[in-house]
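> If you scroll down you'll find the structure; I have some questions about it.
The values are calculated or read from the model by the stated rules, or taken from the named source; none is laboratory data. Nothing here was measured: the structure is a model prediction, and the numbers come from that model. Reconstructed Cβ throughout: ideal geometry from the backbone, glycine too, with neighbour counts over all protein chains shown. The protein model used for the area step is the full one, side chains on, heavy atoms only, and it has no ligands, DNA or RNA in it. Shrake-Rupley method; radii C 1.70, N 1.55, O 1.52, S 1.80 Å.
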Amino acid sequence: MSNIPVHRINPLRYPGGKRWFAPYIERIINNNGLRSSLFVEPFAGGAGVSLYLLYTNKVESIGLADLDPLLSSFWKVVFSDVNNLLGKIEDTAITIDEWNYQKNNMFSSIEDKAFQCLFLNRTSFSGILEKKAGPIGGRNQNSKYPIDCRFNKKAIIETILYLNKAYSDRVLFVWNKSWKYTLNRLSNEIQTKGLNGNKLLLYFDPPFIRQGESLYRCYFKKNHHIELRDALAECELPWILSYDDCEESRDLYRTIGHGSLDVLYCSSKTSKKGNTKAKSELIVSNLKNTISEILPSAQNRKRIAANSRRNDLGTESKEKTCQFNIPTLQTGIR
């Protein structure tokens, strides 16, 4: 079985995805002696970090959990029996009528939910599954980008087959559960089943504090953000958390040491010239060797930012740069 390029290892286009952060987590794993760890994402979403770490063999295994049944169903199917899903991809016409059908129905089987997740993700604006998100190209399809422009059946099938064959035996679980359940169950398995907590790394990527309601089907209210903060303050397992960098998130984690990364986001608004604007991401962790160990120098940050501003990229190139070309990231500590 041949590899596919790293930028194609994810069949989903996930809003707020953290694929850009994966190389930094890779270095955090190395710096803290967690190289052979079980890597767990309690807010799996697009699972971009987990897939990258499997692809680069920086972790032995991963565990995924997501409260959204569409997302958890998709990943369960990808890493189990994909035949039904692949058949649906082959046979389904990518049309507005099908988009309306998938958007307005609730399905009971895991296979139908998995396809619904993939279809809506690849045909909705910015990959957003939230109910208010519309189809690519608009409902009247007047745009130069039609609804099927992100639905390359051949490439999607190839990616899913690769993930299934290469990594199914290294995905220890996919749970349709909350972060609380995931954290409690892992803690119990450390005590009762001998799971090595020192070789475990948790990566929390919760819904954004701002705009979370407009991006995700399962979002947080203020008390949910506080509950997560309080739980992480007491958590003795190794963990890393990423948040949208805003006053609310900084206030929440002011008593826990943190830094921030300035990153290029595909979902950022652009200037009239089409340049992608930088946004800042808050990174928090209870590990000692994290932010200060992995960020480039201030001189390199300035050079990277200048190069970013000079690029006037088309839609496809811009998306690829934001998601996969790590040297274009502008980073810094605040």
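> Is it fair to say Leu252 is over 20 Å from Ile25 (Cα atoms), at pLDDT below 95 and among the hydrophobic types (A, V, I, L, M, F, W, C)?
yes
> For the list (1) closer than 24 Å to Ile283 by Cα; (2) open to solvent by 30 Å² or more (accessible area, probe 1.4 Å); (3) within 21 Å of the chain's Cα centre (by Cα), I need the number of the one condition that Gly33 fails.
Against the list (1) closer than 24 Å to Ile283 by Cα; (2) open to solvent by 30 Å² or more (accessible area, probe 1.4 Å); (3) within 21 Å of the chain's Cα centre (by Cα), Gly33 comes up short only on (3).
> Would the range 155-162 turn up any residue that is modelled with pLDDT of 95 or more, farther than 15 Å from Asn3 by Cα and open to solvent by 20 Å² or more (accessible area, probe 1.4 Å)?
No, the range 155-162 has no match at all.
> Among what's in the range 223-249 and is part of a strand (DSSP E or B) and not β-branched (Val, Ile, Thr), pick the residue that is modelled with the highest pLDDT. Break it down stepwise before answering.
Applying the first criterion (part of a strand (DSSP E or B)) to the range 223-249 yields 239-244.
Imposing the further condition that a residue be not β-branched (Val, Ile, Thr) reduces the set to 239, 241-244.
On the way: Trp239: 91, Leu241: 88, Ser242: 85, Tyr243: 81, Asp244: 76.
Selected residue: Trp239.
> Have a look at Asn100, Asn84 and point out the one that is farther than 28 Å from Tyr181 by Cβ and either of a type in the set (A, V, I, L, M, F, W, C) or not in a loop (DSSP other than H, G, I, E, B) (or both).
Asn100
> Being surrounded by fewer than 24 Cβ atoms within 10 Å (Cβ to Cβ) and either of a type in the set (Phe, Trp, Tyr) or part of a helix (DSSP H, G or I) (or both): is that true of Ser72 here? Before the answer, list the steps.
Details: surrounded by fewer than 24 Cβ atoms within 10 Å (Cβ to Cβ): yes; either of a type in the set (Phe, Trp, Tyr) or part of a helix (DSSP H, G or I) (or both): yes.
So Ser72 passes the test.
> For the range 104-122, how many residues meet the condition of being surrounded by fewer than 18 Cβ atoms within 10 Å (Cβ to Cβ) and in contact (Cβ under 8 Å) with a residue 24 or more places away in the chain?
0
> If a residue has to be under 22 Å from Leu172 (Cα atoms), without any contact (Cβ under 8 Å) to a residue 60 or more places away in the chain and open to solvent by less than 60 Å² (accessible area, probe 1.4 Å) to count, how many in the range 75-103 make the cut?
Residues meeting the conditions: 1.
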